[in-house]
1. If I go through the range 121-156 residue by residue, how many of them are open to solvent by 50 Å² or more (accessible area, probe 1.4 Å) and β-branched (Val, Ile, Thr)?
2. For the range 216-225, state whether one or more residues are among the hydroxyl-bearing types (Ser, Thr, Tyr) and over 19 Å from ASP116 (Cα atoms).
3. Any idea how many residues of the range 118-134 are within 24 Å of LYS237 (Cα to Cα) and part of a loop (DSSP other than H, G, I, E, B)?
4. Only one of these conditions is not met by PRO93: (1) open to solvent by less than 30 Å² (accessible area, probe 1.4 Å); (2) within 21 Å of ILE30 (Cβ to Cβ). Which number is it?
5. Tell me, which residue of the range 203-237 that is surrounded by 16 or more Cβ atoms within 10 Å (Cβ to Cβ) and without any contact (Cβ under 8 Å) to a residue 40 or more places away in the chain is farthest from the chain's Cα centre (by Cα)?
6. Restricting the search to the range 188-237, which residues are at positive phi and in a loop (DSSP other than H, G, I, E, B)?
7. Within the range 175-184, is there a residue that is of a type outside the set (Ser, Thr, Tyr) and in contact with a Gly (Cβ under 7 Å, 6 or more places away or on another chain)?
8. What residue, of ASP137, ASP145, is outside any loop (DSSP other than H, G, I, E, B), under 21 Å from VAL119 (Cα atoms) and modelled with pLDDT under 95?
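The values are calculated or read from the model by the stated rules, or taken from the named source; none is laboratory data. Bear in mind that the values here come from a model prediction, so they are computed numbers and not experimental data. Note that we place each Cβ from the backbone using ideal geometry, even for glycine, and neighbour counts take in every protein chain shown. Side chains included, ligands, DNA and RNA excluded: accessible areas come from the protein's heavy atoms. Shrake-Rupley method; radii C 1.70, N 1.55, O 1.52, S 1.80 Å.
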Amino acid sequence: GSFSVEVKKQTGYSLLAVQGPNSRDKVALIVGEADRAKIQEMNFSDNYYFKFNGEKFLIARTGYTGEVGFELFCPNSIIKDIWNILFSAGVSPIGLGARDTLRLESCFLLYGNDMDETVSPLEAGISWVIKKDPSIDYIGKAAIDAERNNLQRKTYAFTVEGGIARHGMDVYKDGIEEKIGVITSGSYLPTLEQAGGMVRLSVVADVKVGDTLWVDIRGKRKKLTLVKKPLYVSKNK
């Protein structure tokens, strides 16, 4: 069948992402006192409407950082006042580069880097997105079921010494000439104070967490260690 899709661009709304271990207390400052307990009690993906200066706006306990966080969907008329309250309360403005290192520390995938049309959910390590009940049919089920017993590639987390391994760099095993995989995402990870990321490796290479491999960083081989995912786990719930 065909789908009818209508795209509406929202020019009258702005989005603020307030992320971090203290985000509950900071976001609570922009709602009335009666609603502050509600902010504190929100669980991941909860979302509610609140009022600010008479305007309705949405607060969602969402974000792609692996930390506690909120996303605020606000009419443009109130966004500057909300920004100023948060800024005055010590919230630091920060760019998308920080979102990238945070999601990477938590081993959250980035489309175009860690997955695309050539990568299956099993290879990407996100089998939780697939229906568990074998009696449920869905588009692609036959391909996924066939792959379960014949997985060719797996995604691992890694740390690296002596450089930063970036997307697209080749990975090798001691004594094997041909590459065994490729870095999907890599950066300096501020929370860990070291470089690391995610790598997709051939199952034939027979590797496991704890193994030492080599990554080619601009013509020089640097030591790469496979570690347990995720690289960092938030201490906040």
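1. Selection size over the range 121-156: 3.
2. So far as the range 216-225 goes, yes, one or more of its residues are among the hydroxyl-bearing types (Ser, Thr, Tyr) and over 19 Å from ASP116 (Cα atoms).
3. So the count comes out to 2.
4. Among (1) open to solvent by less than 30 Å² (accessible area, probe 1.4 Å); (2) within 21 Å of ILE30 (Cβ to Cβ), PRO93 violates only (1).
5. Among those that are surrounded by 16 or more Cβ atoms within 10 Å (Cβ to Cβ) and without any contact (Cβ under 8 Å) to a residue 40 or more places away in the chain, it is ALA205.
6. Of everything in the range 188-237, those that are at positive phi and in a loop (DSSP other than H, G, I, E, B) turn out to be GLU193, ASP206, GLY210, ARG218, GLY219.
7. The answer is yes; a qualifying residue exists.
8. One residue alone meets the criteria, ASP145.
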